[in-house]
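Colleague: This is the structure I have questions about; it appears just below.
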Amino acid sequence: VFQLSVPLNFLGSVYRELRQSLLDMETLFNLQKVNVTIKDPPKPKPLALTRGGEIQFQDVTFGYHPERPILKKLTLTIPPGKKVAIVGPSGCGKSTILRLLFRFYDVQSGKVLIDGQDIREVTLDSLRQAIGVVPQDTPLFNNTIEHNIRYGRIDATRDEVRKAAQRAKIHDLVERLPAGYNTMVGERGMMISGGEKQRLAVSRLILKDPPLLFFDEATSALDTYTEQMLLQNINSILKEKARTSVFVAHRLRTIFDSDIIFVLKNGQVAESGTHHELLNRGGMYTDLWAAQETSLGQDMELERNLVSK
Ligand code: ATP
């Protein structure tokens, strides 16, 4: 500890940024126990995105406790530039897929490849630089809104921060605050709602503009209208830049327009295809969709009754 503290203190503000980014990594995905055995290989090369960001899981087996596998010989391909969704029952391993891609853990067997390169053979730095995540719960720094957004790309201009916030549907709200972008947030600042946090996280991601984008229940705290508006904006960015994106979602209405939907069950892909292909199959996806449509109908009915009373 002593040996490390001297050069790190010497670096001053760089150290503070570094420490913050480490904190961010740790809280990202709500990881309590980050696996410290994840290291660069002996002769690492930077990840080269030569095919536009193709992701492959080949026979991947993984469990947090090896005797209890979550993914069992999982095989799937996410084509470059496409929008893909992963759905399935709670606890089936959807977020685990994203954690493996970020290399928070290594697979027990099989391979995870990005553009043909085993992610264990590239530098961790280049891997994580290529990925942007909107996690279920976004950590905020005890700092201004401006700083929290700019964290996506430290050298972004004032204007770029505002443009990103606009696309993430949070700009108008920030502008209405007395201190605007200088409003302090985080534990010691203003309390902000789950939905506002999610939009700050999306602004960060838009600024970072990585080749691979992962959304883990990223809009779950928003009302239906704001969620739709935000998803439209995200979709147009993804299309415009031909980015590979992976959405983990419970509510199928938020992902039904995906190029491919993977339905997970028992650690494997039970079904995959577009929304219409899956509905025509009449399998698990059809059941999930029917169940959600029914409950959506009931919610709307309830709302109508409340309004009319
Ligand atoms: P949800 O839809 O509820 O978010 P999910 O499909 O994303 O679920 P994961 O978060 O991938 O599921 O978790 C898969 C399984 O692994 C669950 O049974 C979960 O309890 C377990 N799990 C997740 N993280 C850990 C961990 N750090 N240590 C041990 N078990 C874990």
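Coordinate-derived values only; no laboratory data. Keep in mind that this is a model prediction, so the values were computed, not measured. So basically every Cβ, Gly included, is an ideal-geometry build from the backbone, and we count neighbours across all protein chains shown.
Colleague: Could you give the Stokes-Einstein D for the stretch 126-212 in µm² per second, using the C-alpha Kirkwood radius, 10 °C, 1.306 mPa s?
Modeller: Translational D for this selection: 124 µm²/s.
Colleague: Could you calculate the FRET efficiency of residue 281 with residue 51 from 1/(1 + (r/R0)^6), where r is the beta carbon distance between them and R0 is 30 Å, rounded to 0.05?
Modeller: 0.55
Colleague: Quick one: what does P(r) look like for the stretch 35-151 with 10 Å bins over all Cα pairs, in whole %?
Modeller: 12, 40, 34, 13, 1
Colleague: What net charge is computed for the residues neighbouring residue 194, neighbours being all others with C-beta under 13 Å from the C-beta of residue 194, Lys and Arg scored +1, Asp and Glu -1?
Modeller: In short, -3.
Colleague: If you don't mind, there's one more thing I want to ask. Too long at a 25 Å Cα-Cα cut-off: which of 82/265; 111/208; 45/94?
Modeller: Long pairs (Cα-Cα over 25 Å): 111/208; 45/94.
Colleague: Please list the non-local residues whose amide H lies under 5 Å from the amide H of residue 268, H modeled 1.01 Å from N, same-chain partners needing a gap of 5 or more.
Modeller: 72
Colleague: Need the C-alpha centroid separation for the stretch 226-268 versus the stretch 140-210, integer Å.
Modeller: Comparing the Cα centres of the stretch 226-268 and the stretch 140-210, I get a distance of 23 Å.
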